[in-house]
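Here's the structure, in structure tokens; my notes come after.
The values are calculated or read from the model by the stated rules, or taken from the named source; none is laboratory data. Worth saying up front: this structure is predicted, and the values here are computed from it rather than measured. Every residue, glycine among them, receives a Cβ derived from its backbone with ideal geometry; neighbour counts consider all protein chains shown.
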Amino acid sequence: MPYTQNYFRKTRIRISSEPVDILKYESLVLGFFSDERPPKGYCGFVDWRLNGIISKHIARGKITGHFKEKVLITPHYRIPSSKILLFGLGESTHLTYDQLYTAGFLIGQTVMKIKSYDTAFDIPGPSRCCLEIPKMTTAMISGFTDAGMEGQDQEDISACVLGDDTYRDEITLGANQFKVNVKNKLKVTIIEA
């Protein structure tokens, strides 16, 4: 996994456990697993707020959750974010840190392509897979940041990392590890909300 190839830019990471129905980010990226029915975590909450639209598409086979699958949906004012990007993480039992880095990278590329620079994404909770939360956080932030550094004119990269209060400290630990990993390459600011 490369950890941020370019030098001397600023990255702002906000860590939040706020419910998605009060978050005010242009795009909300939610990971979901191919072997998790119905969706859980933040994706499950959004599915509930959108009257089961995600579950209905899964049941019809239109959404699978296979690794790298991307589905853009409009929340129709039920969620403050104007765009919701569902990102397939594959099977929860086969998830790796390298896949999370790749997921972060592809999420970063996708939000840049749709010109959505105000983004929040979630880290799967401990009950959803067997990986360590801090390492998952470091991998996803690293991928997201590397994608943002790749050919972008903007000086700052900003993201909100979402996680439940029960593992928020572990997300903070992972964000701080990312900061240590890139200390000579990036100026990283971590904000806890």
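See the values below:
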| item | result |
| --- | --- |
| Condition broken by Asn184, with the remaining ones in (1) farther than 18 Å from Cys43 by Cα; (2) of a type in the set (S, T, N, Q); (3) in a helix (DSSP H, G or I) satisfied | (3) |
| Filter pass, Asp169 being acidic (Asp, Glu), touching a residue at least 60 places away in the same chain (Cβ under 8 Å) and part of a helix (DSSP H, G or I) | no |
| Residue ID - surrounded by the most Cβ atoms within 10 Å (Cβ to Cβ), chosen from residues in the range 125-141 that are outside any helix (DSSP H, G or I) and of a type outside the set (D, E, K, R) | Cys129 |
| Any hit, the range 74-96, residues being touching a residue at least 60 places away in the same chain (Cβ under 8 Å), surrounded by 15 or more Cβ atoms within 10 Å (Cβ to Cβ) and within 20 Å of Thr11 (Cβ to Cβ) | no |
| Flag for Thr64 being polar (S, T, N, Q) and in a helix (DSSP H, G or I) | no |
| Residue check, Leu106 without any contact (Cβ under 8 Å) to a residue 60 or more places away in the chain, surrounded by fewer than 22 Cβ atoms within 10 Å (Cβ to Cβ), in a strand (DSSP E or B) and aliphatic (A, V, I, L, M) | no |
| Some residue of the range 42-55 being at positive phi and part of a loop (DSSP other than H, G, I, E, B) | yes |
| Extreme residue, modelled with the lowest pLDDT, among residues of the range 147-166 that are part of a helix (DSSP H, G or I) and among the small types (Gly, Ala, Ser) | Gly148 |
